[in-house]
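Participant: Encoded as structure tokens, here's the structure I'll be asking about.
Values in this text are rule-based calculations from the coordinates and carry no lab data. Computed from a prediction, not measured in an experiment: that's the story for all the values here. Backbone-built Cβ (ideal geometry, glycine too); neighbour counts: all protein chains shown.
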Amino acid sequence: MNQSLQTTFPKDFLWGGATAANQIEGAYDKDGKGLSTSDMAAYKDPYAGGKVDNFTFNVNSVELEEYLNHPDKYLFPKRWGIDFYHRYKEDIALFAEMGYKVFRLSISWARIFPTGLEDKPNEAGLAFYDKVFDELAKYDIEPLVTMSHYEMPLTLTQKYNGWVSRELIGLFEKFARVLFERYKDKVKYWITFNEMNMNLNSIYTGAGVLADKVDNVEEAAYQASHHQFLASALAVKAAREIMPEAHIGCMINQIESYARTTKPEDQLQALKADQINMFYPDVQVRGKYPNYMVRYFAENNINLETKPEDAKILAEGTVDFIAFSYYMSHVTEARPDAAKIAGSFDSPIKNEYLELSQWDWPIDPIGLRISLNKLYDRYQKPLFLVENGLGARDELTEDGKIHDPYRIDYIKKHIIEMKEAIQDGVELMGYTTWGCIDLISCGTSQMSKRYGFIYVDQDDKGNGSLERYRKDSFYWYKDVIASNGENL
Ligand code: BGP
């Protein structure tokens, strides 16, 4: 017994912020970039019908045709982002001013391989990320790169219906090898796929699959996931060859599941919800499918197409850390139509003990401590909380200020629970708050759902100066980092 109680954040704790290419870059058709699946996420008036529409990110084949044929009739906010493509120097300087140790960003696959099918990468696309990494290096900020964050070349959807096709595995491996060869000296931390478990929720966003083109959407989601598992494992293997010092992780959206009552049937349902969520890291950390899925697949009529070599590929491509996002918990109960997935945002059961965000997401910092403990107990691998934050409407005052005590409160409470989990013995590598600069919301394509410490002057329709302003939370987070999580 030589363990001692860890009461503070480790000295090398990676504080920072997180983004994704399709939500910040803009320049969707510049310098040879091809169309990406996320360029087709049209803005829908969230107030039409009197209900906030949280889900504008599943595109079907009819919509896709319409968007391609009549692009002028729609707004596609992810095409313009916040113009990070041209303003990255200014933005990185602001991250540096806050004292960031790490910045999470993703690489747009369609910038590197415009259709995904080319033999040679697009040099201009590669050069853009070189410039970004060099800029980060000036300030000693480590990049944390997500290789696939909710987008892919649109051609791969049109030609193969996305990840339901096995063809994508080789195309992704080619993309991965190009990235590793090019950036091996600049990037130490990598994540293969963002929130892979969300394939079960939004099959277009994560896997580029048009749901109306498959017979059984749930089966297709698992088939697409199977192909992504293989692609991820092959990428891990390539990473170990090309850059043995690098750290490479998987990622899920961790939504803590509570049973509605102490009734054993409800408790069992919560366990099942956990299993469906943990299925993803179970495969990627342990290198094989967990036994509980055999029964699940049999009972839900899910038949996966696999090949004999798949088991070996999975076994050889296990990750070395587990990244996850955490925004909320949800409540589940035993009933025939109970959400099949833990990551179901539209859980109809309210948790009477929790407050909701303006977008009805339950705020549950203690749930984060539970999640951290659960994940660590299960895998005994380092964890990285790579997304967490509050989407809220902010007001820019006449003197150029943004008073956002609600955001400080949310993040502060989550940091307190992270610290508790560290005392519980959890190994946590770092924390990157989501949308450290205001960006286009993933689920709603809105600009007004803001997460940042930095305000960006732009509205939902793309009007505004794009000027950046420091919010109150900017100064607060700067102090948190400077004190290594002591001044909260
Ligand atoms: C995660 C995604 C992010 C993101 C965040 C907040 O699921 O990885 O891309 O945007 O959720 O979601 P939203 O933008 O819908 O509020």
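Participant: In debye, nearest 20: dipole of the chain around its Cα centre with unit charges on the Cβ of K, R (+) and D, E (-)?
Facilitator: So the magnitude is around 780 debye.
Participant: Mind giving me the FRET efficiency for GLU66 and SER465? R0 is 25 Å, r the Cβ-Cβ distance, nearest 0.05 is fine.
Facilitator: On the way: r = 32 Å, r/R0 = 1.27.
Rounded to the nearest 0.05, the efficiency is 0.20.
Participant: Quick one: length gained pulling GLU97 to GLU395 fully straight, 0.36 nm per residue minus the C-alpha distance?
Facilitator: Values: separation 298, 0.36 × 298 = 107.28 nm, distance 2.25 nm.
Stretched out fully, the GLU97 to GLU395 stretch lengthens by 105.0 nm.
Participant: Okay, helix-only estimate at 222 nm for the chain: each DSSP H run of n ≥ 4 adds -39500 (n - 2.57), divide by all residues, round to 500 deg cm²/dmol; what do you get? Intermediate results must be reported in sequence, preceding the final value.
Facilitator: On the way: 16 runs with 190 residues, N = 488.
Only helices count here, giving -12000 deg cm²/dmol.
Participant: Further question on the same structure: Of LEU179, LEU35, TRP361, whose Cα points farthest to the positive end of the dipole of the chain (charges on the beta-carbon: +1 Lys, Arg; -1 Asp, Glu; origin at the Cα centre)?
Facilitator: Of LEU179, LEU35, TRP361, it is LEU179.
Participant: Here's another thing I want to ask about it. Please give, to one decimal in nm, the separation of the simple spin-label points placed at GLU305 and GLU218, each 7 Å out from Cα toward the Cβ.
Facilitator: 2.1 nm
Participant: Relative to the compact globular guide of 2.2 N^0.38 Å, what is the alpha carbon radius of gyration of the chain, as a ratio?
Facilitator: Working: Rg = 21.2 Å, N = 488, 2.2 N^0.38 = 23.1 Å.
It is 0.91.
Participant: Roughly what would the spin-label model give for ASP457 and GLU118, points 7 Å off Cα along C-beta, in nm?
Facilitator: It is 3.6 nm.
Participant: On to the next question. Using the beta-carbon distance between ASP424 and LYS263 and R0 = 45 Å, what value does 1/(1 + (r/R0)^6) give for FRET efficiency, to the nearest 0.05?
Facilitator: Efficiency, rounded to the nearest 0.05: 0.95.
Participant: Quick one: length gained pulling ASN291 to ASP29 fully straight, 0.36 nm per residue minus the C-alpha distance?
Facilitator: My answer for the length gained is 89.8 nm.
Participant: Give the lysines reachable from LYS73 as a straight Cα distance under 18 Å; neighbours fewer than 8 places away on the same chain don't count.
Facilitator: Hits, sequence-local ones excluded: LYS44, LYS461.
Participant: Mind checking which aspartates and glutamates have their C-alpha under 13 Å from LYS186, skipping anything on the same chain fewer than 8 residues away?
Facilitator: ASP130, ASP134, GLU135, ASP140, GLU142, GLU245
Participant: Taking 0.36 nm per intervening residue step and subtracting the Cα-Cα distance, what contour gain separates ASN487 from ASP185 on full extension?
Facilitator: That pair, ASN487 and ASP185, stretches by 105.3 nm at full extension.
Participant: Tell me which aspartates and glutamates have Cα within less than 13 Å of LYS350's Cα, excluding those fewer than 8 residues away on the same chain?
Facilitator: GLU333, ASP360, ASP364
Participant: Continuing with this model, one more query. What number, in percent, do you get for the relative contact order of the chain if the mean sequence gap of Cα pairs under 8 Å and at least 6 apart is divided by its residue count?
Facilitator: 19 percent
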